[in-house]
Amino acid sequence: NSMLRRALGLTTVGVGGGAALAYQWAKEALGEDGLERLIKYDRVAIPAIVQYKWVEARCGKLSRLAPLLFPPVSEEEETARFAVLHERWAQPLFDIFMELGGFYYKSGQKIAANTSGVMPKLYIDLFQPFLDRIPPRPFAEIRAVVEEELGVPLGEVFSEFEEAPLGCASIGQTHRAVLRASGERVVVKVQNPKAEQTFRGDVFALKTVVDAFAPQASPAFDEIQKQFATEFDYRGECANAVEVRANLVRSGRFPNVLVPRMHAALCTRRHGSRSVSSLSRSGLSTREA
């Protein structure tokens, strides 16, 4: 008995030590905030994944491998079992995606748009707010980014700057404003604080889990990282808009295609301003544009 207790004690110490080392590694690799975000996500996602995988196996492989233990089910019964899981997990997954933001906003948009073509209707309907109703960031944070990027107080560049955003996306939001120097009305696109750091941390954290448990899916995360590598530098977007606008003006063949005039001097890595005067002359509001 004493030997058994000693063995169990050593095992407990070994497991506890291993867990502590794993936690320390994850904290160093992901950062404390990134690790906490991953833990929050996993608390919801892992139980959901396990239950979905169990039903998938129960209705498929297990029925074929051990039909006496797991009698085959009809297609209708399989659909019904998955419907129960959709009802159970759609709302918790929506809530955690909305709470974490960043990369999870992007994931929510893909679910809402059903880009894979396989999402259940319940998920598609529930996740619609990710397409056009993402919560705005506090204006104090937006002001801080603008002033940090431009290097001067916001009021020195803009005589007006609406605190309520026109729209919010996964990494930034837009605001109506008026340039102090010219009185020109513009739309200002501002990146959320730490958007790039959070996004890359989320992708790296999830990829670490995928590498361990589903390495065949790892290339997908590599593509995601490449796809969004340029989204966090608005100067590239500015340059593209300037080029497209110049080409359209030069061709004269597409009078109904509108590209706002960019204010390149006010475009930085996390801040961009574009004129809305051409849109107004065309009878479009900034919201419609």
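The values are calculated or read from the model by the stated rules, or taken from the named source; none is laboratory data. Bear in mind the structure is a predicted one, so any value in this text is a computation, not a measurement. Side chains included, ligands, DNA and RNA excluded: accessible areas come from the protein's heavy atoms. Shrake-Rupley method; radii C 1.70, N 1.55, O 1.52, S 1.80 Å.
Cα extents for the range 100-185 along the principal axes, largest to smallest and rounded to whole angstrom: 51, 23, 17. Taking all protein chains into account, the per residue accessible area for the range 69-175 stands at 52 Å² (1.4 Å probe).
Straight-line cross-link partners of LYS110 among the lysines, defined as a Cα under 25 Å from its Cα and at least 8 positions apart when in the same chain: LYS40, LYS53, LYS121, LYS189, LYS194, LYS207, LYS226. The portion of the accessible surface of the range 129-186 made up by carbon and sulfur, rounded to a whole percent, is 50 (1.4 Å probe; DNA, RNA and ligands excluded). The accessible area of PHE82, taken with all protein chains in place and a 1.4 Å probe, comes to roughly 40 Å².
If you wrap a convex hull around the alpha carbons of the range 162-267, what volume per residue comes out, as a whole number of Å³?
On the way: hull volume 15.6 nm³, N = 106.
Considering the Cα atoms of the range 162-267, their hull volume per residue is 147 Å³.
Accessible surface for ILE171 stands near 20 Å², nearest 10, in the context of the full protein assembly shown (1.4 Å probe).
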